[in-house]
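Accompanying notes for the structure given below.
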Amino acid sequence: MSIQRSMRQGEERRVGTRDYAVVESAHRRLEAGKAEGERSPQFSAGASAAYRWALGRADRSPVTGAGDSEGFPGLPALTAEVDAAVVQMEDPTGQPGQRDYNRGVHDALAWVCGHSDAAP
């Protein structure tokens, strides 16, 4: 797993392709219930878990459980977690609530990685 551990002086803190502050703001909006669109509680829980992990506030990734307690995940780890969420969403044996959770993880991390223009 690629973990970003340090920054050079004057370097802007990034989460995936986004500024740290922008991702943090999206997470706060989601937690406050101000994110756009009607979302299931499971979707919101997945998106929130994804943001916490991407921001370095969770030791384990939300889908695979991969982890490193130091720093925050780099773009390769974030992208791998997006891919894992896709695999889980496409599993025909998955439960609807779990699919919604994985969709939340996917949508949040896809946005963090720059694959989407809309933050959940």
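Some notes on this structure:
- Qualifying position, being at positive phi, surrounded by fewer than 23 Cβ atoms within 10 Å (Cβ to Cβ) and out of contact with any strand residue (DSSP E or B) (no Cβ under 8 Å at 6 or more places or on another chain), among G65, G56, G94: G65
- For first residues located in segment 84-112 and within 10 Å of F43 (Cα to Cα) and outside any helix (DSSP H, G or I), partners that are at pLDDT below 95 and not charged (D, E, K, R) and lie 6+ apart or on another chain with Cβ distances below 6 Å do not occur.
- Residue in segment 35-47 that is modelled with pLDDT of 95 or more and farther than 17 Å from P120 by Cβ present: no
- The residue pairs whose first member lies in segment 30-45 and is closer than 8 Å to D100 by Cβ, whose second member is modelled with pLDDT of 70 or more and of a type in the set (K, R), and whose beta carbons are closer than 8 Å, counting only pairs six or more residues apart or on different chains, are F43/R103.
The values are calculated or read from the model by the stated rules, or taken from the named source; none is laboratory data. Given the structure is predicted, the values throughout are model-derived calculations rather than measurements. Note that we place each Cβ from the backbone using ideal geometry, even for glycine, and neighbour counts take in every protein chain shown.
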